[in-house]
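Some notes on the structure that comes next.
The values are calculated or read from the model by the stated rules, or taken from the named source; none is laboratory data. All values reported here derive from a predicted model rather than from experimental measurement. Here the Cβ positions follow ideal geometry from the backbone for every residue, glycine too, while neighbour counts run over all protein chains shown.
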Amino acid sequence: MSYKLKVKSLPASGRLRVKKYKKLLKKYCTQVFDLGLVTGKSGNLSMRISPDSFLITATGKSKGEITDRDLVVCKINTDSADKRASSEWRLHRAIYRARKDAKAVFHSQPPFTTIIACAKNKKIKKDIIPEAVAYLKKIEIIPYCHAGGIELAKKVGAGALRADVLLLENHGAVSFGPSIDEAVLKSVTLEFLCKLTVLSRAAGIELNSIPQKMTYDFLRQLRVKGGV
Ligand SMILES: [Zn+2]
């Protein structure tokens, strides 16, 4: 039996909250599409809107053309979803279940990140630029499972306990965080790092690391400023 939460049945305060989240989610859908982090109808975004529900992009829709009708409410503690929800709703739900601090999830398919996700050598050197040191604390590699499947959701849920940036083998990436801004920023940074990795490998350029002492010093400064 498919589950469908009717927004109209929510009390007025709940409807206002959903409206506010829809506006924000649409803004980020346009942004990730314009940045080329999703292509065609690929990729999906969601935001936790209450302790037991999240708003997610609909299946089969370009993120460049998302309207209010293309954003669907799903329950976190229910085993079925509105049939209009992204086919990856289980993956999003697994993260919200595993990490109470996750407020937004972004499943992307940017070109350079996807090259690394498909590469035999998935090693990415993070300590080459300060942004990667700051935003990509750990990148977890999730072995290949079919898109939209229960198995993939299980592995992503387990991986989310170890890292907030996940590279899905032969598929793409997932990032999440305490806000939609941070979830997207992690994917933007990952894509930039993967671009540097792919281009430097192709050009045969060996990348230099920031000295470890400087890395620790940089992270300490960010913590003091409240940046990480
Ligand atoms: Zn996918």
field: Filter result for the condition that a residue is closer than 24 Å to Ser80 by Cα, among the charged types (D, E, K, R), in contact (Cβ under 8 Å) with a residue 24 or more places away in the chain and away from the ligand (no atom under 15 Å from the Cβ), over Lys154, Lys186, Lys138, Lys103
entry: Lys103
Failed condition for Gly149, given (1) more than 19 Å from Ala58 (Cα to Cα); (2) surrounded by fewer than 23 Cβ atoms within 10 Å (Cβ to Cβ); (3) not hydrophobic (A, V, I, L, M, F, W, C): (1)
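What residue, of Lys186, Lys195, is at pLDDT 95 or above, in a helix (DSSP H, G or I) and within 26 Å of Gly60 (Cα to Cα)? Spell out how you get there, then give the answer.
Details: Lys195 fails: within 26 Å of Gly60 (Cα to Cα).
On inspection, the qualifying residue turns out to be Lys186.
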field: Hits in the range 152-167 - residues which are surrounded by fewer than 21 Cβ atoms within 10 Å (Cβ to Cβ) and under 28 Å from Leu222 (Cα atoms)
entry: Leu161, Arg162, Ala163
Complete set of residues in the range 119-142 that are surrounded by fewer than 17 Cβ atoms within 10 Å (Cβ to Cβ) and touching a strand residue (DSSP E or B) at 6+ places or on another chain (Cβ under 9 Å): Lys122, Lys137, Lys138, Ile141
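Consider Thr59 carefully, then state whether it is more than 13 Å from the chain's Cα centre (by Cα) and within 14 Å of the ligand (Cβ to nearest atom). Spell out the reasoning first.
Working: more than 13 Å from the chain's Cα centre (by Cα): yes; within 14 Å of the ligand (Cβ to nearest atom): yes.
For Thr59, the condition - more than 13 Å from the chain's Cα centre (by Cα) and within 14 Å of the ligand (Cβ to nearest atom) - is met.
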message: Quick test of your reading of the structure: Leu161 fulfils all but one of (1) among the hydrophobic types (A, V, I, L, M, F, W, C); (2) away from the ligand (no atom under 16 Å from the Cβ); (3) outside any loop (DSSP other than H, G, I, E, B). Name the failing condition by number.
response: (3)
- request: List the number of the failed condition for Ile95; all other conditions in (1) surrounded by fewer than 24 Cβ atoms within 10 Å (Cβ to Cβ); (2) touching a strand residue (DSSP E or B) at 6+ places or on another chain (Cβ under 7 Å) hold.
  value: (1)
- request: State which residue pairs qualify: first residue within 16 Å of the ligand (Cβ to nearest atom) and inside the range 17-46, second residue modelled with pLDDT of 95 or more and among the acidic types (Asp, Glu) in any location, beta carbons under 6 Å apart, and separation of 6 or more residues or different chains.
  value: Asn44/Glu88
